[in-house]
1. Evaluate the relative contact order of the range 11-211 (contact order divided by residue number), counting alpha-carbon pairs under 8 angstrom at least 6 apart; express in whole percent.
2. Ignoring GluC sites (Glu not before Pro) that are buried or in helix or strand per DSSP, and keeping those with at most 14 other beta carbon atoms within 10 Å, what is the longest stretch of the chain between them?
3. Find, among the trypsin sites (Lys or Arg not before Pro) in the range 12-92, those assigned to loop by DSSP (not H, G, I, E, B) with at most 10 other beta-carbon atoms within 10 angstrom.
4. Provide the per-residue ³J(HN,Hα) series for the range 137-149, in order, calculated from phi with Karplus coefficients 6.51, -1.76, 1.60 and θ = phi - 60°, each as a whole number of Hz, with x at glycine and proline positions.
5. List every residue whose amide H lies under 5 Å from the amide H of L43, counting only residues 5 or more places away in sequence or on a different chain, with H placed 1.01 Å from N in the peptide plane.
6. Would you pull out the residues with amide H under 5 Å of Y219's amide H, same chain only if 5 or more places away, H placed 1.01 Å from N?
7. Any chance you could run the full-extension gain for S145 through Q37? It's 0.36 nm times the residue separation minus the Cα-Cα distance, nm to one decimal.
8. Pick from F59, F75, F14: which is most flexible by mean-square fluctuation in a GNM of the chain where alpha carbon atoms under 10 Å apart are linked?
Amino acid sequence: SVPVAEGRGAFILFEGLDRCGKSTQCQCLLEHLTAQQVPVQKLSFPDRQQETGKLIADFLQRKIQLDPLAVHLLFAANRQNVRQQMVDSLAAGVTLIVDRYAYSGVAFTAAQLEAPHPRGLDLDWCKTPDTGLPAPDVVIFLRLSPQDAAARGQYGAEAYEKIDFQEKVQEQFDKLRDTSPNWVELDALLEQDSIAQQVSTIAAEAIQDCRQGKRPMQYLWS
Ligand code: NYM
Ligand code: MG
């Protein structure tokens, strides 16, 4: 019998440094859940199709220069712009597989700020523009050292893709992990299939809990 979506969909988020294999795992999970007839939709941020996303893409490709704080707000705007669609999809029972989100937003900006910042630009400032977005039910963090990531190729093509900067981003991700109870870390150096298997187990549990109404919708930053 075909499973019918009863409760809400689950919000499954993938995060990690550049080249950690998030996009591959998102695709694997999409195919796996689709084969199981789970209603599912994949999103990735930045969404480069949006008007804000085009600016972000130009910035990442170093075609235009933008102030780092302005870029931060653009990344957040790019998410806020699809907030209602995400909420509606989840409420309609659609599971969302998301490739990067507000955690990347905070980590990549906070990594550029001196701490303590003289004008109060800190982790909390970075979190503010994403307030009120739907919160993920699980954050799957694919952990890979910046050195191993750099060895994977194509590194350095976009802004931020430098080993020393990625180390700073990892420090910020670690701070976010400490305040996120639904954060799960997987070793990104494992075989793709082995990671995918762990991911499908994690996803199945979140999907079942959400479907059965065991997890109320939450919003950032709770
Ligand atoms: N990035 C991504 C940010 O700096 N802030 C954000 O809010 C998001 C979602 O953009 N280096 C950075 C992380 C990446 C870059 O993402 C592009 P991707 O997943 O490599 O296309
Ligand atoms: Mg990238």
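1. The value is 33 percent.
2. 7-113
3. Qualifying residues, ordered by number: R62, K63.
4. Values per residue, Gly and Pro as x: 7, 8, 10, 9, 9, 8, 8, 9, 5, x, 5, 5, 5 Hz.
5. Hits under the 5 Å cutoff: I97, V98, D99.
6. Counting only residues 5 or more places away or on other chains, the set is A135.
7. In short, 35.4 nm is gained.
8. Its mean-square fluctuation being the largest, the pick is F59.
Readers should treat all values here as calculations from the given coordinates under stated rules, not as data from a laboratory. Note that the structure is a prediction, hence the values are computed from the model and not measured. Note: ideal-geometry Cβ built from the backbone for every residue, glycine included; neighbour counts use all protein chains shown.
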